[in-house]
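The values are calculated or read from the model by the stated rules, or taken from the named source; none is laboratory data. On a predicted model such as this, the values are computed, not experimentally measured, just so you know. Quick reminder, even Gly has a Cβ in these numbers, built from the backbone with ideal geometry, and neighbours come from all protein chains shown.
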Amino acid sequence: MMSLSIIRYISDYVKYLPIGVLHYLLIECDILLVLVPLIEEKPWLRINARNEREKYENSKWTVVPKSEYNKLPKLEAQVWITIYNLFMDPECRNKYELSEQRKNNLLRLRKYMNELLLDQIPNLSLMLRSLEELAIMNTQTVPLNNPFVVEQIPKVKTALLENNKNKWAEIAQHQRENFFTQSQQSLEEDMKKLSELYGQQIVEGLMEGFKCNKCQKEASKRCSRCKSVWYCSRECQIGDWPEHKAFCQVKTMELQQKQKEKEQQEKQLESNIDIKNIDKQKQPGIKELDTQNNDYENENEQKQNQNTHTQKDQQQEQQQGESKQEEDTQGNLDDLD
């Protein structure tokens with residue numbers, strides 16, 4: 001039943017989703033051909049052993065009072081809204097090839113669209129008018145030229161199907177032994193894990209329903225401070241406040257202390273990560289040291305080569321100077337002779 005709600009919310013935002021989603025809903029699955037029989041069969045309603053009408057709502061079966069017989073169940077409303085979103089959307093209608101079978105399937109909805117339904121979902125009056133127009137139209141016999149659709153292929157799903165092609169019997173047996181036929185001991189262990197994770201009170205509330213701390217009726221609201229006590233209304237919360245005040249203060253202080261400890265742990269973790277990053281930046285790696293040493297050695301070699309060149313140049317200049325002095329002195333001597 002939860003899948004009906006999921007499909008409804010997908011239909012609300014179908015224009016913002018990839019084109020492959022709409023193609024899969026209308027062409028591959030033909031979701032309209034599936035939803036119309038659900039309106040006829042109404043699997044969310046049943047008659048119990050005491051000849052009482054029950055409806056499936058909030059993941060459980062509840063007795064419907066006679067005063068609410070004409071009230072539309074939530075799941076049925078989800079199906080109607082899904083059909084409305086897909087049928088009235090222009091892009092969906094252009095993509096949906098309307099054959100004789102699909103036309104007759106949609107026209108079967110008209111007998112259920114009475115005043116009680118239209119009063120609860122007024123937008124369906126537009127769809128009823130479109131269905132009346134569809135009834136007098138000729139169906140399109142020429143198939144539509146569907147555009148080429150590029151969609152992503154799920155690699156994980158494809159790989160699982162390929163690798164387990166001949167192992168479905170073994171997988172089914174494994175699931176049957178380990179998941180669908182749990183012993184009392186395994187169930188107790190699962191409940192213990194849930195109670196440790198969420199708390200015993202939350203687990204009991206999920207199983208039996210939360211009760212108002214004042215009047216013991218079914219409650220849907222929780223104290224915003226301590227988050228431990230449930231109420232059915234604001235009046236019950238105000239009436240129970242004198243008794244709940246002391247417990248609420250203690251529980252709130254515990255929650256605040258846990259929140260502070262959690263924040264301190266997160267800050268400590270962040271500071272440790274920052275310190276490690278700084279140390280990595282300050283301490284170069286082995287490769288960096290090697291490259292720095294090589295650069296230093298190359299610089300020393302270049303400096304030594306430059307020094308030897310300068311020494312040779314100085315020696316050459318000194319020899320040239322001495323030869324010039326000898327020539328000068330030789331010239332002077334010649335002049336004296």
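Numbers at a glance
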read-out: All positions within segment 23-42 that are more than 20 Å from Y96 (Cα to Cα) and either exposed (fewer than 12 other Cβ atoms within 10 Å of the Cβ) or in contact with a Pro (Cβ under 7 Å, 6 or more places away or on another chain) (or both); value: E40, E41
read-out: Subset tally (residues that are over 14 Å from L134 (Cβ atoms), among the charged types (D, E, K, R) and part of a helix (DSSP H, G or I)) for segment 84-123; value: 5
read-out: Residue in segment 61-68 that is closer than 30 Å to N138 by Cα and surrounded by 14 or more Cβ atoms within 10 Å (Cβ to Cβ) present; value: no
read-out: Which numbered condition K193 misses (of (1) over 25 Å from the mean Cα position of the chain (by Cα); (2) modelled with pLDDT under 90; (3) assigned to a helix (DSSP H, G or I)); value: (1)
read-out: Of all residues in segment 6-22 being of a type outside the set (F, W, Y) and modelled with pLDDT under 90, the one that is nearest to Y96 (Cα to Cα); value: L22
read-out: Residue match in segment 84-91 (condition: at pLDDT 90 or above, within 25 Å of S3 (Cβ to Cβ) and either over 35 Å from the mean Cα position of the chain (by Cα) or loosely packed, with under 14 Cβ neighbours inside 10 Å (or both)); value: no
